[in-house]
Amino acid sequence: MAGKKKKGGGGHGGLAVNDDLRREIAEALLLGAEPDRLAQQIAGRGIVHALAVSEIERAAKSPYLIGAARLRARLAKRDWVLANQARLAAGRADAAAAEVPRLRVGDAMDFFGDFYHAHRPVLLTGLVDHWPAMQRWSLDDFEQRFGDREVRVQWDREADKDYEVNSAAHGTVRRFAEVIARLRDSRPSNDFYMTANNHDHNRRALAELWNDVGDIPGILVAEPGRDGFLWIGPRGTITPWHHDLTNNLLLQIRGTKRVRLVASHDTPLMRNHRHCFSEWKTGELLPGPAREGRPAVLECDIGPGEALFLPVGWWHHVESRDVTIGMSFTNFAADNDFYSHYSSYGLV
């Protein structure tokens, strides 16, 4: 019995003309692909060239695609506005340094006026010197107090190139002593990491830790359930390029993290293929000014007692230079609800 062709058309050599291919053609045309070159690419994958040309011509005449092209034009105008902001930002006096400014906070209003509401990152010092965690937290302390507790941690990440996108699938429960034993190994690893995604479980399992966390008056406010997310990992852990849906304060207690940042106005250059994630790889975007097709990249190291303010929508890549113990906070003393209006989840 002859094999059936996929619904929606025929093919040659195994590739069928179906809705998946038509969707691919439509997206390519909307992104500016040349019809002749697109037809050659499709034909090279198993479709008769004349059939590929016919499908592309049919797509180009579709009133649905013509309507979508109008929406694409609106997005192009938005990208133009963002590109203008990028050019203006590149002209600032501090732009050539490719570094994040440092600030020892005296008046919280300076932080909010110059950075929070100005949508600019800053490395803050002198915020948590008074916290008991700064003197107490260490692997020895954690093992002595909580070694028998069960914690939730990301596990077996190195077997999955999309470990961050698939973070929920890597969550597992382990004795904290087992995690600490792996942390004592001096070799770099990106295979396990306790992150904010594990917060609900670990906030209960390690509740006493929060007794060692103080306040940051004027910058953070008390807010149940948002009183700090714990991050613990080995040297070599990498959080790949992504952006957050809130402003964040990334704070180090032990160890150093290296953070690269790209401004939100450069989002059109960030190869945003899914949700808040980027297809740029670790070694592909290095610190420096913008180049053709590449955004400007800032870089800074966050050491013990320092905190990096990450503005909402700014892209960042984080790598642990040592065994790191840190926290992140979103409970700022200012409006930080940017996620309620985030409507593209699942569509990008």
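The values are calculated or read from the model by the stated rules, or taken from the named source; none is laboratory data. Everything numeric here is computed off the predicted structure, so don't read it as measured data. Virtual Cβ from ideal backbone geometry, glycine too; neighbours counted across all protein chains shown.
Can you find a residue that is in contact with a helix residue (DSSP H, G or I) (Cβ under 9 Å, 6 or more places away or on another chain), surrounded by fewer than 14 Cβ atoms within 10 Å (Cβ to Cβ), without any contact (Cβ under 8 Å) to a residue 40 or more places away in the chain and in a strand (DSSP E or B) anywhere in region 159-173? Within region 159-173, one or more residues are in contact with a helix residue (DSSP H, G or I) (Cβ under 9 Å, 6 or more places away or on another chain), surrounded by fewer than 14 Cβ atoms within 10 Å (Cβ to Cβ), without any contact (Cβ under 8 Å) to a residue 40 or more places away in the chain and in a strand (DSSP E or B). Within region 238-256, if we keep just the residues that are within 14 Å of the chain's Cα centre (by Cα) and among the β-branched types (Val, Ile, Thr), the residue that is farthest from PRO304 (Cα to Cα) turns out to be THR246. When you scan region 296-319, how many residues do you find that are of a type in the set (Gly, Ala, Ser) and buried (at least 20 other Cβ atoms within 10 Å of the Cβ)? Of the residues in that region, 2 qualify.
Regarding ASP322, is this residue assigned to a strand (DSSP E or B), at pLDDT 95 or above and surrounded by fewer than 21 Cβ atoms within 10 Å (Cβ to Cβ)?
Judged against the criteria, ASP322 is not a match.
Considering only residues that are out of contact with any strand residue (DSSP E or B) (no Cβ under 9 Å at 6 or more places or on another chain) and among the aromatic types (Phe, Trp, Tyr), which ones fall in region 130-155? Answer for region 130-155, where residues must be out of contact with any strand residue (DSSP E or B) (no Cβ under 9 Å at 6 or more places or on another chain) and among the aromatic types (Phe, Trp, Tyr): just PHE146. Taking the listed residues PHE329, PHE338, the one that is of a type in the set (Phe, Trp, Tyr), buried (at least 18 other Cβ atoms within 10 Å of the Cβ) and closer than 21 Å to PRO224 by Cα is PHE329, with no other qualifying. Only residues that are under 12 Å from ASN190 (Cα atoms) and touching a His at 6+ places or on another chain (Cβ under 9 Å) were counted across region 160-175, and they come to 3. Region 222-296 holds strands (runs of 3 or more DSSP E) entirely within its bounds, and those carrying 3 or more residues that are closer than 16 Å to VAL318 by Cβ and at pLDDT 95 or above map to 229-233, 238-243, 248-254, 257-262. Only one of the listed residues (VAL221, VAL262) is surrounded by 21 or more Cβ atoms within 10 Å (Cβ to Cβ) and either in the same structural domain as HIS119 (by TED's automatic domain parsing) or in contact with a strand residue (DSSP E or B) (Cβ under 7 Å, 6 or more places away or on another chain) (or both). That residue is VAL262.
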